[in-house]
Amino acid sequence: MIDRRNVLTGAALLGGASLFPRSARAAQATASAAPQPGSREEKVARRAAESRQRLDFVGGRFSGPAWDWLVEKGGAADFFLLGEEHGIAENSRLAAQLFPALVRRGYSKAAVEISPPMAREIDSVLARGGLEALRALFRDRSSNVSFFGMREEAEWLAAAREALPEGRPFLWGLDYEVGADRHLMRLLRARPKPMAAQAALARLEDASASAWGKYDQTGDPSFIYTFSGDPALVRAVRAAWPKPDPRSAWILDTLERTLEINRLWVDKRSWESNALRSANLRSNFLRYWRAEKGSKPRVFLKFGASHMMRGRNSTEVFDLGALVPELAEMEGKKAFSLLVLPGAGTEVAAFDVRKWRYSPQPADRSAYMKGLKSIVSQAYPDAFTLFDSTALRPLLGYSPVPSDTELTRMVHGFDAILVMSGSTASTNL
């Protein structure tokens, strides 16, 4: 849906500030700079070339040494964290093949970058009618969720649902909600509640409908209700509804937290917004985790790369990528993390907020690519290339001689890096 790093309009709401301190042009310039002879970056390039593996993609299926390695690493772990540059068609197809392979190794849950109540809705829709039922849900734009308006993303969710036993929920939504607030309000309307809560909810729905109506007329993203709405209206519903059922309570939590996160963003308090969003992601994960009784599930997570990064991430906060591996350690389990990049000269799908559709844009604008020239330059030209980051880490340990910050962050933040040279942009569902 709205990727704050890749918005194709000049709208002040989303285009005026970046989560990353350097511009796309600066990132591209960095990516094109060759490592200096004798530098640690040059040593990283040589080690990357020595440790690379081919990931073949022929006839719509992945194979080769890198495929076998990924399945083995994922099968030996209890959490598989896939951090991506959004909008790569082949990455979604990788997830559609990889998750079922990991189901055979004991995985049973998939966590994605949408809200918990909409994950429940999508899980139910997929169970009833698969991909076509999901397509029907999304024909109503008031039910659209982030990213799964891309065809390949929707297809991987359908493949994941098919890989698991019927009637057993599998989808965990961990994020806030950008596009489906009206759908969530309709769900609240159908729940039993006090009269005062009905009146407060009607005021909330009216505000949302008015804002979205202005967006439809103008295409101005500043009217999108999840960015322009007042969280006090949600608090008024909560105050008038002291004991909501658990499902309604989580919807109210989602709506209130969404408006709080985005109010900070609109007020140009981007770090506070990102910190609150990451806290919401972690809280939702733990809410699902603690609700599991008996043996804990093995979980596949697919999010934007910054959310999956170990340590302090690209927005300078601690996110799921910090929480999940530490939780694994405490539980006597293992986590494995993979960074997926599109490769030089390719395109990715980015959300055009004025048209509410995805359009291709050059992948070289990717903020995740900056500083990674020494690795990306060693990718095979005729196949996708997997690099084992653990083989590179000894070269980027402590040293009084500084190295590229982003290179160090990515190598230590992910266990492996996959470069999809020749990949294509995702398409609209």
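The values are calculated or read from the model by the stated rules, or taken from the named source; none is laboratory data. Here the structure is a predicted model, which means the values were calculated and not measured. Every residue, glycine among them, receives a Cβ derived from its backbone with ideal geometry; neighbour counts consider all protein chains shown. The protein model used for the area step is the full one, side chains on, heavy atoms only, and it has no ligands, DNA or RNA in it. Shrake-Rupley method; radii C 1.70, N 1.55, O 1.52, S 1.80 Å.
What are the residues in the range 102-122 that are out of contact with any His (no Cβ under 9 Å at 6 or more places or on another chain) and open to solvent by 10 Å² or more (accessible area, probe 1.4 Å), if any? Reasoning before the result, please.
Here is the first cut: in the range 102-122, the residues out of contact with any His (no Cβ under 9 Å at 6 or more places or on another chain) are 102-112, 114-116, 119-120, 122.
If the condition is that a residue be out of contact with any His (no Cβ under 9 Å at 6 or more places or on another chain) and open to solvent by 10 Å² or more (accessible area, probe 1.4 Å), then Val103, Arg104, Arg105, Gly106, Ser108, Lys109, Arg120 are the ones that fit.
Give Leu259, Leu187, Leu255, Leu204 a once-over and let me know the one that is hydrophobic (A, V, I, L, M, F, W, C) and out of contact with any Gly (no Cβ under 9 Å at 6 or more places or on another chain). So that I can check it myself, show each step before the final result.
Details: Leu259 fails: out of contact with any Gly (no Cβ under 9 Å at 6 or more places or on another chain); Leu255 fails: out of contact with any Gly (no Cβ under 9 Å at 6 or more places or on another chain); Leu204 fails: out of contact with any Gly (no Cβ under 9 Å at 6 or more places or on another chain).
Being hydrophobic (A, V, I, L, M, F, W, C) and out of contact with any Gly (no Cβ under 9 Å at 6 or more places or on another chain) holds for just one of Leu259, Leu187, Leu255, Leu204, which is Leu187.
Sort through Ala322, Ala350, Ala305 and tell me the only one that's crowded, with 24+ Cβ neighbours inside 10 Å, within 23 Å of Ser115 (Cβ to Cβ), hydrophobic (A, V, I, L, M, F, W, C) and modelled with pLDDT of 90 or more. Working first, answer last.
Values: Ala322 fails: crowded, with 24+ Cβ neighbours inside 10 Å; Ala350 fails: crowded, with 24+ Cβ neighbours inside 10 Å.
Result of the check over Ala322, Ala350, Ala305: Ala305.
Taking the range 148-166 as the region of interest, how many residues are open to solvent by 20 Å² or more (accessible area, probe 1.4 Å) and within 16 Å of Ser115 (Cβ to Cβ)?
Of the residues in that region, 1 qualify.
Working only within the range 276-294, note down all residues that are small (Gly, Ala, Ser) and open to solvent by 40 Å² or more (accessible area, probe 1.4 Å). Break it down into steps so the answer makes sense when it comes.
Of the range 276-294, the ones small (Gly, Ala, Ser) are 278-279, 283, 291, 294.
Within the range 276-294, Ser283, Ala291, Gly294 meet the criteria.
Which of the residues spanning the range 172-198 are outside any helix (DSSP H, G or I), touching a residue at least 60 places away in the same chain (Cβ under 8 Å) and not hydroxyl-bearing (Ser, Thr, Tyr)?
Residues of the range 172-198 outside any helix (DSSP H, G or I): 172-180, 190-194.
Now narrow it down to the ones that are touching a residue at least 60 places away in the same chain (Cβ under 8 Å): 172-180.
If the condition is that a residue be outside any helix (DSSP H, G or I), touching a residue at least 60 places away in the same chain (Cβ under 8 Å) and not hydroxyl-bearing (Ser, Thr, Tyr), then Trp172, Gly173, Leu174, Asp175, Glu177, Val178, Gly179, Ala180 are the ones that fit.
Residues to consider are Asp206, Asp220; find the one that is farther than 22 Å from Ser115 by Cβ and open to solvent by 30 Å² or more (accessible area, probe 1.4 Å). Before you say what the answer is, go through the steps one by one.
Details: Asp206 fails: farther than 22 Å from Ser115 by Cβ.
After applying the criteria, what remains is Asp220.
Of (1) in contact with a helix residue (DSSP H, G or I) (Cβ under 6 Å, 6 or more places away or on another chain); (2) more than 25 Å from Lys355 (Cα to Cα); (3) in contact (Cβ under 8 Å) with a residue 12 or more places away in the chain, Tyr225 satisfies all except one. Which?
Unmet for Tyr225, out of (1) in contact with a helix residue (DSSP H, G or I) (Cβ under 6 Å, 6 or more places away or on another chain); (2) more than 25 Å from Lys355 (Cα to Cα); (3) in contact (Cβ under 8 Å) with a residue 12 or more places away in the chain: (2).
Can you work out which of the residues in the range 328-347 that are more than 20 Å from Thr385 (Cα to Cα) and in contact (Cβ under 8 Å) with a residue 40 or more places away in the chain is most open to solvent (accessible area, probe 1.4 Å)? Working first, answer last.
Within the range 328-347, the first condition is being more than 20 Å from Thr385 (Cα to Cα), and the residues that meet it are 328-335.
Pick out the ones that are also in contact (Cβ under 8 Å) with a residue 40 or more places away in the chain and you get 328, 331, 333-335.
Details: Ala328: 1, Glu331: 82, Lys333: 46, Lys334: 129, Ala335: 24 Å².
Among those that are more than 20 Å from Thr385 (Cα to Cα) and in contact (Cβ under 8 Å) with a residue 40 or more places away in the chain, it is Lys334.
In the range 90-101, is there at least one residue being surrounded by fewer than 21 Cβ atoms within 10 Å (Cβ to Cβ), touching a residue at least 40 places away in the same chain (Cβ under 8 Å), touching a helix residue (DSSP H, G or I) at 6+ places or on another chain (Cβ under 8 Å) and more than 18 Å from Thr385 (Cα to Cα)?
There is at least one residue in the range 90-101 that is surrounded by fewer than 21 Cβ atoms within 10 Å (Cβ to Cβ), touching a residue at least 40 places away in the same chain (Cβ under 8 Å), touching a helix residue (DSSP H, G or I) at 6+ places or on another chain (Cβ under 8 Å) and more than 18 Å from Thr385 (Cα to Cα).
Which one of these is in contact with a Pro (Cβ under 7 Å, 6 or more places away or on another chain) and surrounded by fewer than 16 Cβ atoms within 10 Å (Cβ to Cβ): Glu50, Glu42? Walk me through how you get there before you give the answer.
On the way: Glu50 fails: in contact with a Pro (Cβ under 7 Å, 6 or more places away or on another chain).
Checking each option against the conditions leaves just Glu42.
Residues are listed down the side, and each one gets a yes or a no for (1) touching a Ser or Thr at 6+ places or on another chain (Cβ under 7 Å); (2) within 30 Å of Lys334 (Cβ to Cβ); (3) modelled with pLDDT of 95 or more:
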{"residue": "Phe79", "(1), (2), (3)": "no, yes, yes"}
{"residue": "Glu90", "(1), (2), (3)": "yes, yes, yes"}
{"residue": "Arg93", "(1), (2), (3)": "no, yes, yes"}
{"residue": "Leu102", "(1), (2), (3)": "no, yes, yes"}
{"residue": "Ser115", "(1), (2), (3)": "yes, yes, yes"}
{"residue": "Ile122", "(1), (2), (3)": "no, yes, yes"}
{"residue": "Glu132", "(1), (2), (3)": "no, no, yes"}
{"residue": "Phe147", "(1), (2), (3)": "no, yes, no"}
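Only one of (1) within 15 Å of the chain's Cα centre (by Cα); (2) more than 30 Å from Thr218 (Cα to Cα) is not met by Met330, so which one is it?
For Met330, the failing item is (1).
Of a type outside the set (Asp, Glu) and in contact with a helix residue (DSSP H, G or I) (Cβ under 6 Å, 6 or more places away or on another chain): does that describe Leu131? It would help to see each step written out before you state the result.
On the way: of a type outside the set (Asp, Glu): yes; in contact with a helix residue (DSSP H, G or I) (Cβ under 6 Å, 6 or more places away or on another chain): yes.
The answer is yes for Leu131.
Can you tell me which residue within the range 64-89, out of those that are open to solvent by 50 Å² or more (accessible area, probe 1.4 Å) and in contact with a Phe, Trp or Tyr (Cβ under 9 Å, 6 or more places away or on another chain), is farthest from Met150 (Cα to Cα)?
If we take residues in the range 64-89 being open to solvent by 50 Å² or more (accessible area, probe 1.4 Å) and in contact with a Phe, Trp or Tyr (Cβ under 9 Å, 6 or more places away or on another chain), then Ala76 is farthest from Met150 (Cα to Cα).
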